[in-house]
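The values are calculated or read from the model by the stated rules, or taken from the named source; none is laboratory data. Because the structure is predicted, anything quoted here is derived from the model rather than measured. Positions of Cβ are backbone-derived with ideal geometry, glycine not excepted, and every protein chain shown enters the neighbour counts. We work out accessible area using only protein heavy atoms, side chains counted, and drop any ligands, DNA or RNA first. Shrake-Rupley method; radii C 1.70, N 1.55, O 1.52, S 1.80 Å.
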Amino acid sequence: MVVLETPEARTAAADCCNAVVNGSSSSDLNRSCCRRPSNGSLIGDVQDSVAAVGDSESDSLSARKSLEEEIDPAATVAETGGANVNGKERGGGDKEKIEDRSEKDLKFLYRPTMPAHRSIRESPLSSVAIFKQSHAGLFNLCVVVLVAINSRLIIENLIKYGWLIKTGFWFSSRSLRDWPLFMCCLTLPIFPLTAYLVEKLAYRQCIADPIVVILHIFITTAAILYPIFVILSCDSAFLSGVTLMLFACIVWMKLISYAHTNYDMRAIAKLVEKGDTLSHSMDVDYTQDFNFKSLAYFMVAPTLCYQPSYPRTASVRKSWVARQFFKLVIFTGLMGFIIEQYINPLVQNSQHPLKGNLLYAIERILKLSVPNLYVWLCMFYCFFHLWLNILAELLRFGDREFYKDWWNARTVDEYWRLWNMPVHKWMIRHIYFPCIRNKLPKGLALLIAFMVSAIFHELCIAVPCHIFKLWAFIGIMFQVPLVVLTNFLQNKFRNSMVGNMIFWFIFCILGQPMCVLLYYHDLMNRKES
């Protein structure tokens, strides 16, 4: 029968151990007072005493090592590998003694008398400790559940509708009617070339700055109106029209950045000539002569902000590009499969959301929200991650921060600053800060930036559909009150994800499916009329 030691004896043993660890004595007598007696003194008290002084000086570390040898000699042998202790090789007799002592110690380990609760601890899912734990297992569980649910939905859809993807999904005879749009896309480089000639004349001081500004306004206006006229004059496919409008908008934004940056470089060069000193933070060589090569690189680079030179990588990883291109093909096919197999049947079997039964419209929107969300996520991954990284790798473009962690955005304003970094940098550089420098209020500058974004969202959707109902414009401008609302909630409830939930619900669950249904039914009504 094991006799537990009294509290007085345990206190004395702990004091003795502290004396040894603190270096006050190194005699065998003091070491033996810390050794576990045969009456079953608890190993936890000795271990706690050792752990409490774990950050002492070097002499106390050596004392603690000696103490650990007494507590668990088997562990000491395992660490040293039985090689040597204090420079001397252990003999077989020493090993047998250590093993005997280790067996005696094991007799008192994990006994019912050992305390199972030693400190105050929180549950892993409590609000205090939830963010200190790894949730990789729960993430894997969510992936498994999503795969299982979506697999069942795919099988159910195939049983109900059959295989809906036709042989002419990628290319058909109707695509040949879109040749005017293709030719328009090929002629878009005329506008950057014209802008380069204007800047060349301005550099040689052949024309004044006001004339340069007027010419750039004419060039950029023509660059956006020319594709709109071609699309509206042709009965082209929706996908072809959207592609051309996206190219036209990108060219327009690049031309604005090119003209604005060169104008600012000339203005700063004039200040330098007058003797003004520049800020040390402006690490730019404004005396550099621009050339057509820098403009050509800028027009194909994955950025919307012009500068004479960019950070470049050392080489092109061909195998990496091949892997990313394979992923691009896979996810583009998945996006097309979801559109043809799920979204098209849903919108064809639905009524106009503003003209039918309210409950029926809500049911259609919620049913459309899941495949629409999948398509939107696939689009983001294909374009912002795969395609822009492939293009950057081929051009050795160094700055590849095309997006940030927008999925963690706590406000709508934060989301718009994180999810599309090329457009965000362009907006900040050429819209927002110029308004601030011209003494406009920050709220008005933000409203102008959203208005520019809303106009181009409307053009990219309404022009290919030949419908101008301003649904996309209203949807983007509706983000302004949401910015105010989510900022208020974030300031009121600190460290809250209320704004993130509002963003996911309004933007992805409600907003996009509603726009899809509105534009689809308006397009069908236009074709019937």
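Determine, yes or no, whether Leu201 is in contact with a helix residue (DSSP H, G or I) (Cβ under 6 Å, 6 or more places away or on another chain) and either within 22 Å of Tyr306 (Cα to Cα) or open to solvent by less than 20 Å² (accessible area, probe 1.4 Å) (or both).
Numbers: in contact with a helix residue (DSSP H, G or I) (Cβ under 6 Å, 6 or more places away or on another chain): no; either within 22 Å of Tyr306 (Cα to Cα) or open to solvent by less than 20 Å² (accessible area, probe 1.4 Å) (or both): yes.
So Leu201 fails the test.
The condition (being in a helix (DSSP H, G or I), without any contact (Cβ under 8 Å) to a residue 60 or more places away in the chain, at negative phi and open to solvent by 30 Å² or more (accessible area, probe 1.4 Å)) is satisfied by just one residue among Ala223, Ala148: Ala148. Of all the listed residues (Asp264, Asp235), the sole one being open to solvent by 30 Å² or more (accessible area, probe 1.4 Å), acidic (Asp, Glu) and farther than 22 Å from Lys425 by Cα is Asp235. Residues of region 224-256 that are in contact with a Leu (Cβ under 6 Å, 6 or more places away or on another chain) and among the small types (Gly, Ala, Ser): Ser236, Ser240. Looking across region 238-259, just one residue is open to solvent by 60 Å² or more (accessible area, probe 1.4 Å) and either under 16 Å from Ala195 (Cα atoms) or in contact with a Gly (Cβ under 9 Å, 6 or more places away or on another chain) (or both), and that is Ile250. A single member of Val198, Val230 is over 20 Å from Tyr297 (Cβ atoms) and modelled with pLDDT of 90 or more, and it is Val230.
Tally time: how many residues in region 369-401 are within 20 Å of Lys318 (Cα to Cα) and open to solvent by 60 Å² or more (accessible area, probe 1.4 Å)? Adding up the residues that qualify gives 5.
Scanning for something open to solvent by less than 30 Å² (accessible area, probe 1.4 Å), under 26 Å from the mean Cα position of the chain (by Cα) and either farther than 18 Å from Phe507 by Cβ or among the aliphatic types (A, V, I, L, M) (or both), does region 457-471 turn up at least one residue? No: zero hits.
Is it the case that Leu153 is assigned to a helix (DSSP H, G or I), open to solvent by 50 Å² or more (accessible area, probe 1.4 Å), at pLDDT 85 or above and not polar (S, T, N, Q)? Taking the combined requirement at face value, the residue does not satisfy it. Considering region 448-529, the qualifying helices (runs of 4 or more DSSP H), each wholly inside and each with 3 or more residues that are within 23 Å of Ile431 (Cα to Cα), run over 471-477, 479-492.
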